[in-house]
Amino acid sequence: MAARYIEIKNSIRDDILNNRYRMGEKIPSERELSLTYGVTRVTLQKSMHLLEQEGFIERIHGKGMFVTRTITDDLYELNSGTGDSFLGFSREFNQVEVSSRLICHQLSFPSPSIARQLEMQAEHSVHFIRRVRLIDKTPVLVEDSWINAAVIASIPDETLNGGSLYEYIETYTGKKNKFYNSVIEGDLFSEEMSNLLGISPGMPMLKVSGITKLEDGTAFNYSIGYNRADKFKIKNSWVGK
């Protein structure tokens, strides 16, 4: 049985698809919707976050929530820039089945450029991790991560295969993953990467490189995600004065 916030998300999504709420229309406030569905504001906010993530609504500060699309396109939204919190792939896409296939996990020394990104000395060790990430059993991206071993000494392979790495890191350090800065570039899949995903070489890619820091500002992870452009999209919002 689906969690209550997912049921509510699906109900509101269906209302949008059935034109109860039309494109550009303001929908009821979180307070009104929480009363309608008989849940707390916290539960309702989870539902609305998923609808934002899927591109059905947008939140305009001081004005409310508005419908931004009325048809589905089967694409997932990538984190599009800078944020003050970061859930990680497994928790960010928790409305679908997310799984991982571990390709490589070894301790090594970082290149000078990666050491700079992690604000560490190049003679200190990092965990190098390569995983294929799947949504509903379909491979959608290859993810390379370099994690400072001085911050996170050990990472079980079972976590990399079946769990949430960022949830493990929060438990391990006792600190939240608080800051994430990313750069998104267009590219084409190499033969090596396409073989891991079971796609043809030369298919379009969204390459996302980013640094994640703990709430105390400690940089612990530099990652590069090689995302299938036929499975992901980027959405940016701008609100004028």
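When the range 55-89 is filtered for residues that are assigned to a loop (DSSP other than H, G, I, E, B), within 19 Å of residue 184 (Cα to Cα) and modelled with pLDDT of 55 or more, the ones remaining, listed by number, are 55, 75, 79. If a residue must be of a type in the set (Ser, Thr, Tyr) and either in contact with a Cys (Cβ under 9 Å, 6 or more places away or on another chain) or at pLDDT 60 or above (or both), how many such residues does the range 226-241 contain? Total satisfying the criteria: 1. For residue 199, the conditions (1) open to solvent by 70 Å² or more (accessible area, probe 1.4 Å); (2) more than 30 Å from residue 60 (Cβ to Cβ); (3) modelled with pLDDT of 90 or more are fulfilled apart from (1). Checking 17, 44 one by one, the residue that is at pLDDT 85 or above and over 13 Å from the mean Cα position of the chain (by Cα) is 44 and no other. Within the range 1-20, residues that are closer than 16 Å to residue 53 by Cβ reach partners that are aliphatic (A, V, I, L, M) and part of a helix (DSSP H, G or I) with beta carbons closer than 7 Å, at six or more positions or on different chains, in the pairs 8/44; 9/50; 9/51; 12/51; 13/51. The set of residues in the range 1-22 being of a type in the set (D, E, K, R), farther than 15 Å from residue 39 by Cα and in a helix (DSSP H, G or I) consists of 13, 14, 15.
Scanning the range 137-148 for any residue that is in contact (Cβ under 8 Å) with a residue 12 or more places away in the chain, in a loop (DSSP other than H, G, I, E, B) and open to solvent by less than 20 Å² (accessible area, probe 1.4 Å) turns up nothing.
For residue 51, state whether it is closer than 30 Å to residue 231 by Cβ, modelled with pLDDT of 90 or more, open to solvent by less than 40 Å² (accessible area, probe 1.4 Å) and of a type outside the set (Phe, Trp, Tyr). For residue 51, the condition - closer than 30 Å to residue 231 by Cβ, modelled with pLDDT of 90 or more, open to solvent by less than 40 Å² (accessible area, probe 1.4 Å) and of a type outside the set (Phe, Trp, Tyr) - is not met.
State yes or no: is residue 199 among the hydrophobic types (A, V, I, L, M, F, W, C), in contact (Cβ under 8 Å) with a residue 24 or more places away in the chain and under 23 Å from residue 102 (Cβ atoms)? Criteria met by residue 199.
The values are calculated or read from the model by the stated rules, or taken from the named source; none is laboratory data. Treat the numbers as computed from the prediction; the structure is a model and nothing was measured. Neighbour counts run over all protein chains shown; Cβ positions are idealised from the backbone, glycine included. To get the accessible areas, we keep the full protein, side chains included, count just its heavy atoms, and leave off ligands, DNA and RNA. Shrake-Rupley method; radii C 1.70, N 1.55, O 1.52, S 1.80 Å.
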